[in-house]
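A short worksheet on the structure shown next.
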Amino acid sequence: MLIYGLGLLAFSYIAGQLFGDFLGELIGVQANVGGVGFAMLLLVLLHNYFQKKQWVKANFDEGIGFWSNMYVPVIVAMSASQNALLAFNKGVLPIVAGTLIVIIGFLLVPIISKIKTTP
Amino acid sequence: MNIISFFEKNGMITSFLIIALIMLVAEQISTRLLRKKIPGSAIAILLGLILAYYGGLLTGGEKGIADLAFFSGFKLVGGSMFRDFCIVSTALGVSFPVMLQAGKAGIISLVLGLVVSFVVGICVGLAFGYHDAESLATIGAGTLTFIVGPVTGSALGASSDVIALSVATGVVKAIVVTIFTPLIAAKIKLDNPHSAMVFGGIMGTTSGVAAGLAATDQKLVPYGALTATFYTGLGCLLCPSVFYLALKALM
């Protein structure tokens, strides 16, 4: 059943985000700490467990797959609701700082990528 | 019958239709005009940003095109709930061993990304004539993401124009990452889960990383998002505390 897959995804999302909010509260910041990351881990682990128990039947995965295919369209909607005007009307400082850090980041990626944990 | 309020009432469905049209136009531009040199999803995201700029010009609001009643569904579909839900769903294709292998590099990139962004922001702030630790820390925090900036600024009591500046810096960062990631991905070998995790940790801005990777290769999104998702939270923890105190001690 498709709705069971969707239900598992929703459960992982809610549990992960709740834990992220809780962790933020615990260390005293007004933000969610790693909620999406915890949700992803939970989904991977639970899905593995469900497969072992042979609960993943028929179109179970389509309930999850639909949303990962909706990813780009949702990102398009997100870009369209950014405060793009503020970004370019606040003078030169944001443009200099925002561009400079991305250039430095692009330079760092290949250097740090060389670090590998030996299995 | 008021036609605008009809579309507003059915906002979410209306935005599905408009996004489908945007994707269609972007796909056509990509295949017919650019011979697939730039992926259709990158063009679609760019069109989204142009719409956001236009919406800001028309309404003066903060939510881009979503401030127009006809496009109000974009607030929901493009909001953090749907974005995070979709990111979580991509985890189904994640390989656990690969993730563990990239763990060390991921953590190093996360720490380095936080420190380097903060320092770069402070240097630019100094160059533009800011000298008090509160303003500099706020601008430095804005260079992390557009959420860390205002959180730090209000915690330290920075002035509202400095806070607005820090938000703008974070938004510029997200936009620059979005536009340039697919163009530069091959040059910086951003084509595997390992480097995607490093990329997420260094850039940190979830919206920029997610959009940039989606336009590059959708398979990389979960890996980049995994590290980026810790960035904002850690930034909110470190900027108004450790980073601010270190800056104050140096001045």
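The values are calculated or read from the model by the stated rules, or taken from the named source; none is laboratory data. The model shown is predicted, which means the values in this text are computed figures rather than measured ones. Neighbour counts run over all protein chains shown; Cβ positions are idealised from the backbone, glycine included.
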Exercise. Is there a residue being of a type in the set (Ser, Thr, Tyr) and free of Cβ contacts under 8 Å to residues at least 60 places away in the same chain anywhere in segment B:65-83?
Worked result: yes
Exercise. If you take the residues in segment A:12-54 that are without any contact (Cβ under 8 Å) to a residue 24 or more places away in the chain and farther than 30 Å from B:Pro240 by Cα, which one is surrounded by the most Cβ atoms within 10 Å (Cβ to Cβ)?
Worked result: A:Val44
For this session: Examine segment B:117-130 for a residue that is among the polar types (S, T, N, Q), surrounded by fewer than 24 Cβ atoms within 10 Å (Cβ to Cβ) and in contact with a Ser or Thr (Cβ under 8 Å, 6 or more places away or on another chain), and state whether such a residue exists.
Result: no
Exercise. Residues in segment B:198-213: is at least one over 18 Å from A:Val33 (Cβ atoms), among the aromatic types (Phe, Trp, Tyr) and within 7 Å of another protein chain (Cβ to nearest Cβ)?
Worked result: yes
Seminar exercise, completed: Within segment B:73-114, restricting to residues that are at the interface with chain A (Cβ under 7 Å from one of its Cβ atoms) and outside any helix (DSSP H, G or I), the one that is surrounded by the fewest Cβ atoms within 10 Å (Cβ to Cβ) is B:Val94
For this session: From the list B:Leu144, B:Leu165, pick out the single residue that is assigned by TED's automatic domain parsing to the domain that holds B:Thr229 and touching a residue at least 40 places away in the same chain (Cβ under 8 Å).
Result: B:Leu144
Problem set entry | Breaking point among (1) at pLDDT 90 or above; (2) part of a helix (DSSP H, G or I); (3) within 7 Å of another protein chain (Cβ to nearest Cβ), for B:Leu190 | (2)
Exercise. Just one of B:Ser207, B:Ser195 is under 30 Å from B:Leu247 (Cα atoms), in a helix (DSSP H, G or I) and not aliphatic (A, V, I, L, M); which is it?
Worked result: B:Ser207
For this session: Kindly indicate whether any position in segment A:58-70 is surrounded by fewer than 16 Cβ atoms within 10 Å (Cβ to Cβ), in a loop (DSSP other than H, G, I, E, B) and free of Cβ contacts under 8 Å to residues at least 12 places away in the same chain.
Result: no
